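Reviewing the structure listed below.
The values are calculated or read from the model by the stated rules, or taken from the named source; none is laboratory data. Here the structure is a predicted model, which means the values were calculated and not measured. Cβ placement follows ideal geometry from the backbone for every residue including glycine, while neighbour counts extend to all protein chains displayed. With ligands, DNA and RNA removed, areas are computed over all heavy atoms of the protein, side chains included. Shrake-Rupley method; radii C 1.70, N 1.55, O 1.52, S 1.80 Å.
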Amino acid sequence: MAAEPIRILVVEDEPAITELLSYALRDAGWLPVPVATAAEAWSELQLRLPQLILLDWMLPDKSGLRLLAQIRADRQFGTLPVIMLTAKSMEEDKIAGLNAGADDYVTKPFSPRELTARINALLRRKAPEHGQQLVRVGPVSLDPLSFEVTLDGARIEIGHAEFKLLKFFLTNPERVFSRSQLLDKVWGDHVAIEERTVDVHVLRLRKALKHAENLIRTVRSVGYMLSER
Ligand code: CA
């Protein structure tokens, strides 16, 4: 099965720049999701979580900085990687952006090569599910290369779907995901699976995790999360 493309939400109101950004992102193998206002960005975020946000500083309805503050204040979006796009090269503006929670910034005009390099660096830093390192939470560890899952150091049997689900949870701990978000992020959006199928796989995953089953928590009327607390 081919890997899901990495979705990058592009919040930019100038069509020419959006086009340039989209071209550069597609060229690097990512999926650009362009929106032109802060309001559209916010509703897109409710629909589907991107892996990264490119956020313009000057937007027609709200400043990019205010949208960033709104994103950072939200429990669900708080850790999304954000790169600010700015025409401003003033040092205090960069500092304001980073203080408001931007992970990085790119000053316009930018070179596509610099942009993709920064995105790559940030994705590596912030999204370990795209990496190949061993991930461990509590007694459970998962090796993405050998497809091995161990509990207290002993290998356990786990199905393919449960493996993917566990990998996603391990690399996104302490965050609640709805069933539809899990379907989207773990199975991909063009797979026709019903939401209750997620429950079945969560049940199987818990069973496989034995005494560590409490790591996978049900958050009533929201979804599931991995939590050590
Ligand atoms: Ca703008």
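Decide, for segment 7-130, between rounded, prolate and oblate: order the square roots of the alpha carbon gyration tensor eigenvalues as a ≥ b ≥ c, take rounded if a/c falls under 1.5, and otherwise choose prolate if a/b is larger than b/c, else oblate. Since a/c stays below 1.5, the shape of segment 7-130 is classed as rounded.
These residues, 23, 105, 224, go from largest to smallest accessible area, 1.4 Å probe, as 23, 105, 224. Within the listed set 52, 151, 215, the Gaussian network model of the chain (springs between alpha-carbon atoms below 10 Å) gives the highest mean-square fluctuation for 151.
Counting lysine pairs in the chain whose alpha carbons fall under 27 angstrom apart, excluding pairs fewer than 8 residues apart on the same chain, gives 20. For segment 73-182, the square roots a ≥ b ≥ c of the C-alpha gyration tensor eigenvalues yield an a/c of 1.5 or more together with a/b exceeding b/c, which makes the shape prolate. Sparse packing (at most 12 other Cβ atoms within 10 Å of the Cβ) combined with a DSSP loop state is found for the following GluC sites (Glu not before Pro) in segment 181-229: 194, 228.
Loop-located trypsin sites (Lys or Arg not before Pro) in segment 17-125 (DSSP state other than H, G, I, E, B) with a sparse environment of at most 13 neighbouring Cβ atoms within 10 Å: 75. Largest first, the three principal axis extents of the alpha carbons in segment 144-196 are 34, 24, 20 Å in whole numbers. Between 17, 83, 216, the GNM of the chain built on Cα springs shorter than 10 angstrom shows 17 fluctuating the most.
Per the 1.4 Å probe, what fraction of the accessible area of the chain, in percent, lies on carbon and sulfur atoms?
Values: 6250 of 11850 Å².
So the carbon and sulfur contribution to the accessible surface is 53 percent.
Under the criterion of Cα pairs below 8 Å and six or more residues apart, the relative contact order for segment 1-159 equals 16 percent.
Start at zero, step by 5 Å, and the Cα-Cα distances of segment 1-71 spread as 3, 18, 29, 23, 17, 7, 2, 1, 0 percent across the bins.
Accessible surface for the chain, divided over its residues, is 52 Å² per residue with a 1.4 Å probe. Each semi-axis of the equivalent ellipsoid for segment 119-229 is √(5λ) with λ an eigenvalue of the Cα gyration tensor; in descending order they amount to 19, 19, 14 Å.
Give me the Kirkwood hydrodynamic radius of the chain in Å, from all C-alpha pairs, to one decimal place?
After inverting the mean inverse Cα-Cα distance, the result is 18.8 Å.
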